[in-house]
Amino acid sequence: MAKFSPYSVIGEVPVGDMVWTKGFWADRVECCRSSMIPNMWNILANDSLSHAFANFRIAAGMEEGEHSGPPFFDGDLYKWLESVASVFAVTRDPELDALMDRVIGVIARAQRADGYLHTPVIIAEKNKARKAAAPGPAYAGSDAAAPAVKAMIDRLHFEVYNFGHLMTTACRHFEATGKTAMLDVAVRAADYLIDRFANPDPQTAKNNICPAHYMGLIELFRITGEPRFRDFAAALIDNRNLIQDGTDDNQDRIPFRDQRKAVGHSVRANYLYAGIADVYAETGDKTLLPPLFSIWDNVAHTKTYITGATGALYDGVSPDGDEDHWSIQRVHQAYGREYQLPNTTAYNETCANIGNALWNWRMFRITGEVRFLDVIETVLFNSVLSGISLDGRKYFYQNTLREESVMPVKLRWPRHRSAYLTSFCCPPNVLRTIAGAGTMAYGVTQKGVTVNLYGGNRLATKLKDGSPIKLSQKTNYPWDGDIAILVEEAPAEEFSISLRIPNWAPGATISVNGQPLEVPCAAGAFHEIRRSWVAGDLIRLKLPMAARMLCAHPLVEESRNQAAVMRGPIVYCVESADLPEGLRIQDIMLRSDAVFSEEPGTGALKGLTLLGCVGARLPSGLEDSLYRELPSRAPEDLSLRFVPYFAWDNRGEGEMTVWLPLRWA
Ligand SMILES: [Zn+2]
């Protein structure tokens, strides 16, 4: 049965009820199964490279050693495990099941008797105790023999982040397998947190760094039905009000209910907003809605890249503050000021983009509004998939919109895809998002189902009244706008099938069994078709797929008089691999009267639809000075090729740009 929340209008289809069968997402999930998951397991279980699994074995007492890696490494293993569970839900592959059992067995052994589970602290405690028990001269003042104490929750240690992903993964594993081994671990961990935060003070209230635990606790409540997990998540929002010296970086300088703009670290922000939307869905606390909707407006209309990415800045200062409380604070990996969306130095951590999708999925479930699904689709196709190479084995931490090899600036993360990242949070987050995207493809409503995402798939689930329904989709979307939805099984009573018409698709048409619908489709809304359905009924949706040129709001200074190319939900870019030898990205222009042709990708880009048009090249030979006279010669015509942005940097290290200067015809 779909999961309904009392204050949501959309129920979530359980993992396993929807399977991608053929086409774009089927290919990505197959790549996840055959390449991404095994390749990442080789990384996580490679003790000399990542140590993530070794940390659990040592914490479990199966081996001796020290913790190695960042403190959020536990969460990275959980995220990988979540992707395995989601893939298992549709493949039922016994090898994946056995692998999960093995890993979960070690995770469970690593958990402390009181429920605490964070390998850096547990390993330190074990090694301390071992040293104390070892024969040899005791030295004065040693506290080595002290028993393990309840660890403090330290937000810089990412304990609560790890706990949150533990809970989310455990719920997904239970849904996929029906097994409770991981769920039991998560319940004990959640109860530890409840106990630990029973009497919050300003210090313990500052627990929230990358706060994955709001989402984790609410999911745990949905799966177990135990109200204490929901109530604890709600109480944590109030606990934040105790914080005296909060920061915009952590979204706790002022109480959440007073916030109206997105500030600070964008992963922390998006995880927080997603978690609080979850709390609303279960509690109906209306005081949470003004900040959620205002912050969403602020992000969607002034702080989101055309790729759906968020978190523009590597480093900046807080845009918040007022005349009475003006304090300049450093923020990092952060939401900047309104319209502050640089291209070459765009940060856009993959985890922040995923957080944006997680948040919008929860806003959609609360409201049933298409605008949130439009964000999700943009993020999935562009700024999530950009985070992993087409072969599933290389990653981006940041997702820039322009790469210029001549930039004399060293930025913190590699500008090209890497097989491993020392901060490994993003890669497994991409895996779990790809593997679990099917749960967002449909929604169950009071009246029927919504079709949220398009792609070849098969849905076998139940309507809200429990009656079974089966649908199948056939389409080559997003390369083709023709989508066929076949009703394979339907209850005798009338119900609605509501098709999402994206905001970019005015002119979409629908027919049922060959008969065009009389009511025209409105873009940016659901088109509800309510009738008695029978097996064999066929819906045809046609979305207009002509390439389009977009420009940015004039206040986005770094994209002024430039245009980007989109086709359907796909953002395109130009790579130097497709330019004449020696020509730089900065030397090319788009003509405002461009007419686009389509061509199939070849080689590494096989299966993708590329675009071509006549653009222009600037006169060559400009001197290398900061300011120069305008060249007297006119730009010359130049053939341009555009490739999907998510597929950039799969053909060697070159330059890339999404935005191109416009030559007005
Ligand atoms: Zn990340």
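Results, tabulated for the structure shown:
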| read-out | value |
| --- | --- |
| Residue within segment 377-389 that is under 28 Å from Ala505 (Cα atoms), outside any helix (DSSP H, G or I) and aromatic (Phe, Trp, Tyr) present | no |
| Within segment 421-436, tally of residues that are closer than 13 Å to Gly75 by Cα and among the hydrophobic types (A, V, I, L, M, F, W, C) | 3 |
| Long-range neighbours under 7 Å by Cβ, at least six apart or interchain, first residue crowded, with 20+ Cβ neighbours inside 10 Å within segment 232-256, second among the small types (Gly, Ala, Ser) and assigned to a loop (DSSP other than H, G, I, E, B) | Asp248/Ser318; Asp252/Gly246; Arg253/Gly246 |
| Within segment 117-216, helices (runs of 4 or more DSSP H) holding 1 or more residues that are small (Gly, Ala, Ser) and modelled with pLDDT under 95 | 119-133, 202-205 |
| Verdict on Glu369 being more than 16 Å from the ligand (Cβ to nearest atom) and free of Cβ contacts under 8 Å to residues at least 24 places away in the same chain | yes |
| Filtered residues of segment 390-413 (kept if touching a strand residue (DSSP E or B) at 6+ places or on another chain (Cβ under 9 Å), within 16 Å of the ligand (Cβ to nearest atom) and at pLDDT 95 or above) | Lys394, Tyr395, Phe396, Tyr397, Gln398, Thr400 |
| Those residues of segment 230-273 which are in a helix (DSSP H, G or I), away from the ligand (no atom under 16 Å from the Cβ) and of a type in the set (A, V, I, L, M, F, W, C), in sequence order | Phe232, Ala233, Ala234, Ala235, Leu236, Ile237, Leu242, Phe256 |
| Matching option when the condition is modelled with pLDDT under 95 and in a loop (DSSP other than H, G, I, E, B), among Pro491, Pro506, Pro478, Pro520 | Pro520 |
| Selected residue (criterion: surrounded by the fewest Cβ atoms within 10 Å (Cβ to Cβ)) from residues of segment 433-475 that are among the hydrophobic types (A, V, I, L, M, F, W, C) and part of a strand (DSSP E or B) | Ala460 |
| Flag if Met566 is surrounded by fewer than 19 Cβ atoms within 10 Å (Cβ to Cβ) and in a strand (DSSP E or B) | no |
| Subset of segment 414-431 (residues that are more than 9 Å from the ligand (Cβ to nearest atom), part of a loop (DSSP other than H, G, I, E, B) and surrounded by 17 or more Cβ atoms within 10 Å (Cβ to Cβ)) | Arg415, Arg417 |
| Segment 584-603: number of residues that are closer than 30 Å to Glu623 by Cβ and not in a loop (DSSP other than H, G, I, E, B) | 7 |
| Close pairs from segment 328-352: first closer than 13 Å to Glu558 by Cβ and without any contact (Cβ under 8 Å) to a residue 24 or more places away in the chain, partner part of a loop (DSSP other than H, G, I, E, B) and more than 16 Å from the ligand (Cβ to nearest atom), Cβ under 8 Å, at least 6 apart | Arg337/Pro319 |
| Those helices (runs of 4 or more DSSP H) lying entirely in segment 11-109 with at least 3 residues out of contact with any Ser or Thr (no Cβ under 9 Å at 6 or more places or on another chain) and within 22 Å of Val430 (Cα to Cα) | 24-31, 37-44, 73-91 |
| Failed condition for Tyr420, given (1) at pLDDT below 95; (2) out of contact with any helix residue (DSSP H, G or I) (no Cβ under 7 Å at 6 or more places or on another chain); (3) not hydrophobic (A, V, I, L, M, F, W, C) | (2) |
| Sole exception among (1) more than 16 Å from the ligand (Cβ to nearest atom); (2) within 21 Å of Asp374 (Cβ to Cβ); (3) in a helix (DSSP H, G or I) for Asn353, by number | (1) |
| Residue list for segment 337-359, restricted to those being more than 10 Å from the chain's Cα centre (by Cα), polar (S, T, N, Q) and within 14 Å of Thr310 (Cα to Cα) | Gln340, Asn343, Thr345, Asn348 |
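Let's see how each residue does on (1) surrounded by fewer than 24 Cβ atoms within 10 Å (Cβ to Cβ); (2) among the hydrophobic types (A, V, I, L, M, F, W, C):
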site	(1), (2)
Lys261	yes, no
Ala274	no, yes
Leu288	yes, yes
Asn298	yes, no
Tyr305	no, no
Pro342	yes, no
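The values are calculated or read from the model by the stated rules, or taken from the named source; none is laboratory data. Note that the structure is predicted; figures quoted are calculated from it, not measured. Using ideal geometry, Cβ is built from the backbone for each residue, glycine included, and neighbour counts are taken over all protein chains shown.
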